[in-house]
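J.: This is the structure, below, for whatever I ask next.
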Amino acid sequence: MTRTRIRSLLSAASVVLLSSGLLWSGPSLVAAPDSPLGPPVSQAQTIANSVGVSDNGGLLWASDADLNTTLYMLSAAGIGSIRLSIPWSNIEYTQNQLQWGAVDRVVNAVHAKGISILGIIAYTPPWATSPVGQPLNTRPASPAAYGQFAGKVAARYKGKIRAYEIWNEPNGAMFYGPTPDAAGYTQLLKAAYPAIKAADKQATVLGGSLGAVEDAPGMTNPVTFTNQMYAAGAAGYFDAFSYHPYQYTVKFAEGVYLDHSPARQVMDIRAAMVANGDGAKKIWATEYGVPTAVVSESVQNDMITHFITKWRELPYTGPIYLYQLRDQQTGSSDPEMTFGLMNTDWTGKPSLWGVMSQLSGGFPRSAEYTRFQSVPTTLGAALTPVFTISGTWAQIRENAVVFEMPNGFIASPRAVAEAVRYTGFLPTTGFNGTYQDFNSPYGLRVFSTDIGGTRLIGGGIVAAWDPTLGPATSDEVPIAGGGVRVQFQYGSITWTPGAGTTVTR
């Protein structure tokens, strides 16, 4: 993920403390470090279900010229929101001595341009770690102290910052050390949420901020982490959920049938939210990007515009924040340096023009999405974007998976489609209440009943089956001699290479 953000905050921390006057002395953007903020700008945009950019923390240390250029470029591109770091580690490096100047400068400048702000409240000052003096990515020793700081942030920027994200990628030790801990992170939510709401009841508070990782040392799968958050009492302590669906090799919708892909993770996070009474809350993609050190500029544009289109096909998703506007070092072989929509010299990559085209066009819907709008609502709301499987458009709904076949739409029960998912086979008939046939060259019938469960049965057995046997109650079980046997409700069918099929009733 984005290690550079931690590095930039670490390297800048001492500079801000020792040279604050130098860093924010420009008259055009200055707010004195402890002066009250001015009145809100009436035309400031609210955060809509649209596209913003995520800053890596660099704007806090940028020159006035670079800050001004960044805001000009955002406005020119029609990008109306930005995700900004509000680092506790810098603002309150020494306990009870708050230095707001660097953040004031940027918040004031962004707000004056009518650009909405999502603030990330994260990173622990050395006095607030246990033991003291640990790195800024260490979890706070006191959730209450973190909550108090979050309340101060919300009070100071009321009317200027529209939403707050509680921490960044706590399911990875890189940002929440020494190890991911969903219960500990939930304590931060429980402390920060009421404090922010008390200071600014209109603010939106985002929980989660989870990275798209798999279980590994120092990392917890976001689906597991979400369920652990709910088990620790997270329900009621966030207004929306945030997730970072990074994947550099597979387009978002192309991952719907791939285990552990962002498309499947977001669907499973959604299922956890629904199960815990949070079905009305949105999932925001507060970071997504593709580095041009890994892919070509053309592929970056392809993947980003695809992501925007397909993320917006989901009824439960919210805003997108692309990481990031400008390369930190164009031409670097380090992926962290090349996520920008623009090169370091402020020239646009194709992805900038791709995003601008979508913004100016009002986010046009894909043709396949429009066709799938005619699918009956009785099959439930969409859980995935429209995607392709074996060259055929499909979509997972709450009650079925829908396939667009040459003769019209065919629906498969979720259990049936999941059982066939790894094969890539497509339905040739509708589900008749007991079974559904698929286009395997060897024949494939999937039985799915309360009596027998969901069973995949090959064509040789199916050819000998008739309804008096009832549904399958077992899979194909190998037997001596190289054959297989399938149990049905009222008998069995055996197939062997020499004798063919034998029906026993």
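The values are calculated or read from the model by the stated rules, or taken from the named source; none is laboratory data. These figures come from a predicted structure and were not determined experimentally. Because the Cβ atoms are built from the backbone with ideal geometry, glycine has one as well, and the counts that use them run over all protein chains shown.
J.: Just checking, how many residues over region 205-220 are under 18 Å from TYR248 (Cα atoms), of a type outside the set (Gly, Ala, Ser) and surrounded by 21 or more Cβ atoms within 10 Å (Cβ to Cβ)?
T.: 2
J.: Going by the conditions given, is GLN228 outside any loop (DSSP other than H, G, I, E, B) and closer than 21 Å to THR124 by Cα?
T.: Against the criterion (outside any loop (DSSP other than H, G, I, E, B) and closer than 21 Å to THR124 by Cα), GLN228 does not qualify.
J.: Limited to region 163-185, what total is found for residues that are under 13 Å from PHE241 (Cα atoms) and among the hydroxyl-bearing types (Ser, Thr, Tyr)?
T.: Here the count works out to 1.
J.: What strands (runs of 3 or more DSSP E) lie completely within region 373-483 and have 1 or more residues being within 30 Å of THR305 (Cα to Cα)?
T.: In region 373-483, the matching strands (runs of 3 or more DSSP E) lie at 387-389, 392-396, 400-405, 408-413.
J.: If I filter region 44-60 down to residues being β-branched (Val, Ile, Thr) and either at pLDDT 90 or above or over 20 Å from the mean Cα position of the chain (by Cα) (or both), which single residue comes out as surrounded by the fewest Cβ atoms within 10 Å (Cβ to Cβ)?
T.: THR46
J.: Please go through region 89-139 and give me each residue that is closer than 27 Å to GLN187 by Cα, β-branched (Val, Ile, Thr) and not in a strand (DSSP E or B), ordered by number.
T.: If the condition is that a residue be closer than 27 Å to GLN187 by Cα, β-branched (Val, Ile, Thr) and not in a strand (DSSP E or B), then ILE91, VAL103, THR124, THR129, VAL132 are the ones that fit.
Conditions tested, residue by residue: (1) closer than 28 Å to ALA232 by Cα; (2) of a type in the set (Ser, Thr, Tyr); (3) outside the structural domain of SER360 (by TED's automatic domain parsing); (4) in contact (Cβ under 8 Å) with a residue 60 or more places away in the chain.
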site	(1), (2), (3), (4)
TYR257	no, yes, no, yes
PRO262	yes, no, no, no
ASN276	yes, no, no, no
LYS281	yes, no, no, no
LEU322	no, no, no, yes
GLU336	no, no, no, yes
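J.: Can you list residue pairs whose Cβ atoms sit under 6 Å apart, with the first residue in region 472-485 being within 16 Å of LEU456 (Cα to Cα) and free of Cβ contacts under 8 Å to residues at least 12 places away in the same chain and the second being β-branched (Val, Ile, Thr) and buried (at least 17 other Cβ atoms within 10 Å of the Cβ)? Count only pairs 6 or more apart in sequence or on different chains.
T.: Matching pairs, first to second residue: PRO478/VAL484; ARG485/THR494.
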